[in-house]
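Trainee: First, the structure itself, so that you have it in front of you.
The values are calculated or read from the model by the stated rules, or taken from the named source; none is laboratory data. Since this is a predicted model, take the numbers as computed values, not measurements. Cβ placement follows ideal geometry from the backbone for every residue including glycine, while neighbour counts extend to all protein chains displayed. The protein model used for the area step is the full one, side chains on, heavy atoms only, and it has no ligands, DNA or RNA in it. Shrake-Rupley method; radii C 1.70, N 1.55, O 1.52, S 1.80 Å.
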Amino acid sequence: FGVSGAGANEPLESVDPGGVIWRHLPPERAIAAPVMLPAALPTPGIAELGASPSMVVGAPKNGHAKFVAEFTAAMSDAGIPAATGDAHTVVWTKLRTFLPGATVALQTQLPSSDLADIPGMPDLQAALMAETIAVAKAWGVELPPPPASFVRVRRGGGNKPSIWVDFEAGRPLELDAAVKAPLELAQLRGVETPLMKAHYALLLAKLVRRERLKQGPI
């Protein structure tokens, strides 16, 4: 929302099948608030926050200025440092790292600290990052080019990303938002993403295997 061209003012089937949310909560009534924080859910309804949480709050076409300011202040008062800003760019920046980082860690069942040492893996991750950057650009968000090789910050050493923890716990994964939606956005703007498509197919196969294992040995 806020850009022109194909698909600019339409819901994404990948995250809003049939446009149900779009009809009841259109973009002009929404804000974006991407959160950057390590967290865990030890029990239902309980979240444990890690170090240095942060949030950037924004709205389509820079609307809702008063509400955004009040919401930002409330989150800061609650202990999550929040600031107003370009939330769209923050979302794409987070995805640029999450897709080649966390989802590849899940795919390989190896923490990022180990992936960085596998020959060819940093280049594969950088290529996934490059496709993500290309899709973002097609939607009006300019991100820095990928580095010569992708090296995930080794924060916490060999910690598992949350999507991997959710996979092992049998919980639903955010693959629709993290991979399927970018693929849909790429298709709408004619951006080629062959590596992302292959990665998504393999992740889906991994989910199918998990479900079959619940029924007994394969």
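Trainee: Taking a spot 7 Å from the Cα of Asp166 along the direction of its beta carbon, which residues of the range 96-133 have an amide N less than 19 Å from it?
Mentor: Counting backbone N atoms under 19 Å from the label point, the list is 96-112.
Trainee: Right, here's the next one. For helix 65-77, report the angle its Cα long axis makes with the longest principal axis of the Cα atoms of the chain; keep it between 0 and 90° and round to the nearest 10°.
Mentor: Value to nearest ten degrees: 50.
Trainee: Exposed loop GluC sites (Glu not before Pro) only (DSSP loop, at most 13 other Cβ atoms within 10 Å): please give the longest stretch of the chain free of them, not including the sites. Walk me through the intermediate numbers first.
Mentor: Values: sites that count: Glu13, Glu142, Glu192.
Result, exposed sites excluded: 14-141.
Trainee: Hey, what does the equivalent ellipsoid look like for the chain, semi-axes from the Cα gyration tensor as sqrt of 5 times each eigenvalue, largest first, whole Å?
Mentor: Equivalent-ellipsoid dimensions as semi-axes: 28, 22, 19 Å.
Trainee: Give me the percent of Cα-Cα pairs in the range 1-90 that sit more than 20 Å apart, rounded to a whole number.
Mentor: On the way: 1945 of 4005 pairs.
I get 49 percent for the Cα pairs in the range 1-90 exceeding 20 Å.
Trainee: So, one more: At 0.36 nm per residue, minus the direct Cα-Cα distance, what do Asp123 and Ala73 gain on full extension? Give it in nm, one decimal, please.
Mentor: Working: separation 50, 0.36 × 50 = 18.00 nm, distance 4.09 nm.
Stretched out fully, the Asp123 to Ala73 stretch lengthens by 13.9 nm.
Trainee: If packing is taken as the average count of other Cβ atoms within 10 Å, what order do 72-83, 96-107 fall into, highest mean first? All intermediate terms of the calculation are to be shown ahead of the outcome.
Mentor: Numbers: 72-83: 13.8, 96-107: 21.2.
Highest-to-lowest ranking by the protection proxy: 96-107, 72-83.
Trainee: Sequence gap of 8 or more, or different chains, plus Cα separation below 24 Å: how many lysine pairs satisfy both in the chain?
Mentor: Taking the chain as the scope, the lysine pair count is 17.
Trainee: Using a 1.4 Å probe on the protein heavy atoms, what percent of the accessible area of the range 7-111 belongs to carbon and sulfur? Kindly include the intermediate steps, with their values, before the conclusion.
Mentor: Details: 3640 of 5780 Å².
C and S fraction of accessible area: 63 percent.
Trainee: Sticking with this one: Give me the one-decimal Kirkwood hydrodynamic radius in Å for the range 160-218, with the sum taken over alpha-carbon pairs.
Mentor: Working: mean 1/r = 0.0785 Å⁻¹.
It works out to 12.7 Å.
Trainee: Ok, one more. Given springs between every Cα pair under 10 Å in a Gaussian network model of the chain, which of Trp92, Trp22, Trp164 has the largest fluctuation?
Mentor: Trp22
Trainee: Let me know the whole percent of all Cα-Cα pairs from the range 69-135 that are separated by more than 13 Å.
Mentor: So the portion of pairs separated by more than 13 Å is 70 percent.
Trainee: Could you report the chain's accessible area per residue, 1.4 Å probe, as an integer in Å²?
Mentor: 56
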